[in-house]
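Contents: one structure, followed by commentary.
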Amino acid sequence: MKAIIFAGGVGTRLWPLSRKKSPKQFEKVIGDKSTLELATERLLPDINWPDIYIATGQRYSSLVQKQLPKLPPENIIGEPEMKDVGPAVGLVTALLVKKFPKEPIVILWCDHIVKKEELFRKILKTAEKIIKNRLSKLVFITQKARFASQNLGWIEYGQQIKEIDNCKIYSYQSLYYRPNLETAEKFLKSGHHAWNVGYFVTTPEYLWEQYKRFQPTLFSGLLKIQRDHGTKDYQKTLQSIYSAFEKISFDDAILTKMETKDALVIPENLEWSDVGAWEALKEALQTSPEQNIAQGKVLLTGSRDSLIYNYTDAMIVALDLDGLLVVNTHDVLMICHKNSVPKIKKIVESLSGSENDHLT
């Protein structure tokens, strides 16, 4: 099996730590390792370095090489600019379908926590068997819902149809993206919905067929990029064609259009969390809502339900905090309520193009 870890995006919800020059996936938000390092290490030793690929922005290729020195440099797939996940997955598919069209591949994302790593690797092996034995063309790996999330996608699954290596496998019904609270609560109670964490196992050949069928314009451009790959004209072709692609999510481009009979679902409790925002990071690391999460030189007293991250040598002394986020870097100190995280993006946007653009 080959693994493709997507490590693009800027991550404004983790500002001021995450910046354009060094996005969240390269920063140490959990202990002394980045989420990119953690995402890669949880695949080992079942998937070896030569079989791991990283998809990222071209400007971050050197950061990937620095953090993952064992990764073959040719396994870094660089996008010339951000065009959403539809074109990003398409580019990876176009390049890998030439090398191993029928080989099982797993699509993963780097800014996540998976606490049950052994179970995760076991499920990957099960999904690989399903694809190799042609029992399905795509397998969704999902997280059993812990609460009625409005910020995640959901996958509806039907009846259990198989059990392989103690993994229960279900038919695939449909996909929903960010439902309202009432709908999310119904999903939670149904017993047949799980969080769509963006992980799936398939083959490059199957994905390539879906792009050709459902996104002919995008496919045409990807085909030209594919033809020039490995030649002196590749970068020029990639830049000119990729920049002309329309932004489209992978859900809209492929997943909502593919045949439901082509997919199966494995819902499990991986203790998965998306740590793309400060309040999400806190929820993932805490053992109770009242617990404080701190990193760096921090002295807390009389405080609850707060996150304090200090990336400087100065001491942060916090007294009687309640539900606050404090993030201190060498040039920005951010203090806000945990419910104010959605406003961070607007702050960053207001700084862009101003005299403080260097802080974005």
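The values are calculated or read from the model by the stated rules, or taken from the named source; none is laboratory data. Fair warning: this is a prediction, and the values are worked out from it, not measured in the lab. Neighbour counts are summed over all protein chains in view; Cβ atoms, including those assigned to glycine, are modelled from backbone coordinates with ideal geometry.
Between a residue in region 248-262 that is assigned to a loop (DSSP other than H, G, I, E, B) and any residue that is among the hydrophobic types (A, V, I, L, M, F, W, C) and surrounded by 15 or more Cβ atoms within 10 Å (Cβ to Cβ), which pairs come within a Cβ distance under 7 Å, given they are 6 or more apart or on different chains?
Note: pairs meeting the criteria are Ser249/Val85; Thr256/Leu175; Lys257/Phe214.
Test each condition in (1) part of a helix (DSSP H, G or I); (2) at pLDDT below 95 for Met82 and report the one that comes out false.
Among (1) part of a helix (DSSP H, G or I); (2) at pLDDT below 95, Met82 violates only (1).
Taking only pairs six or more apart or across chains, which ones have beta-carbon atoms under 7 Å, a first residue in region 313-325 that is touching a residue at least 40 places away in the same chain (Cβ under 8 Å), and a second residue that is assigned to a strand (DSSP E or B)?
From region 313-325, the pairs are Leu325/Leu307; Leu325/Cys336.
Residue by residue, here is whether (1) out of contact with any strand residue (DSSP E or B) (no Cβ under 6 Å at 6 or more places or on another chain); (2) among the acidic types (Asp, Glu); (3) assigned by TED's automatic domain parsing to the domain that holds Lys189 holds:
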position	(1), (2), (3)
Val64	no, no, yes
Glu74	yes, yes, yes
Pro80	yes, no, yes
Ala94	yes, no, yes
Cys110	no, no, yes
Ile113	no, no, yes
Leu119	yes, no, yes
Leu135	yes, no, yes
Asn151	yes, no, yes
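Evaluate the following for Ile5: is it touching a residue at least 60 places away in the same chain (Cβ under 8 Å), in a strand (DSSP E or B) and either in contact with a helix residue (DSSP H, G or I) (Cβ under 6 Å, 6 or more places away or on another chain) or aromatic (Phe, Trp, Tyr) (or both)?
yes
Going by what's in this entry, would Ser303 be described as touching a strand residue (DSSP E or B) at 6+ places or on another chain (Cβ under 7 Å) and either exposed (fewer than 13 other Cβ atoms within 10 Å of the Cβ) or modelled with pLDDT of 95 or more (or both)? Walk me through how you get there before you give the answer.
Values: touching a strand residue (DSSP E or B) at 6+ places or on another chain (Cβ under 7 Å): yes; either exposed (fewer than 13 other Cβ atoms within 10 Å of the Cβ) or modelled with pLDDT of 95 or more (or both): yes.
Against the criterion (touching a strand residue (DSSP E or B) at 6+ places or on another chain (Cβ under 7 Å) and either exposed (fewer than 13 other Cβ atoms within 10 Å of the Cβ) or modelled with pLDDT of 95 or more (or both)), Ser303 qualifies.
With Lys338, Lys345, Lys297 as the choices, which residue is touching a residue at least 60 places away in the same chain (Cβ under 8 Å) and farther than 20 Å from Gln25 by Cα?
Result: Lys338 is the single residue among Lys338, Lys345, Lys297 that is touching a residue at least 60 places away in the same chain (Cβ under 8 Å) and farther than 20 Å from Gln25 by Cα.
Does region 345-354 contain any residue that is under 27 Å from Asn292 (Cβ atoms), modelled with pLDDT under 90 and either basic (Lys, Arg) or not in a loop (DSSP other than H, G, I, E, B) (or both)?
yes
Among the residues of region 21-60, write down those that are surrounded by fewer than 20 Cβ atoms within 10 Å (Cβ to Cβ) and of a type in the set (Phe, Trp, Tyr).
Within region 21-60, Trp49 is the sole residue that qualifies.
Can you pull out the residues in region 97-111 that are buried (at least 22 other Cβ atoms within 10 Å of the Cβ) and either closer than 19 Å to Leu43 by Cα or free of Cβ contacts under 8 Å to residues at least 40 places away in the same chain (or both)?
Within region 97-111, the first condition is being buried (at least 22 other Cβ atoms within 10 Å of the Cβ), and the residues that meet it are 97, 105-108, 110-111.
Those that are buried (at least 22 other Cβ atoms within 10 Å of the Cβ) and either closer than 19 Å to Leu43 by Cα or free of Cβ contacts under 8 Å to residues at least 40 places away in the same chain (or both): Ile105, Val106, Ile107, Leu108, Cys110, Asp111.
For Arg213, indicate whether it is modelled with pLDDT of 95 or more, of a type in the set (Lys, Arg), under 30 Å from Ala244 (Cβ atoms) and loosely packed, with under 14 Cβ neighbours inside 10 Å.
On the way: modelled with pLDDT of 95 or more: yes; of a type in the set (Lys, Arg): yes; under 30 Å from Ala244 (Cβ atoms): yes; loosely packed, with under 14 Cβ neighbours inside 10 Å: yes.
So Arg213 fits the description; yes.
So which residues in region 321-360 are among the acidic types (Asp, Glu) and either within 18 Å of Lys21 (Cβ to Cβ) or out of contact with any strand residue (DSSP E or B) (no Cβ under 8 Å at 6 or more places or on another chain) (or both), if there are any at all?
Asp331, Glu349, Glu355, Asp357, listed by residue number.
Among the residues of region 280-317, how many are under 25 Å from the mean Cα position of the chain (by Cα) and either among the aliphatic types (A, V, I, L, M) or assigned by TED's automatic domain parsing to the domain that holds Val10 (or both)?
Matching residues across region 280-317 total 8.
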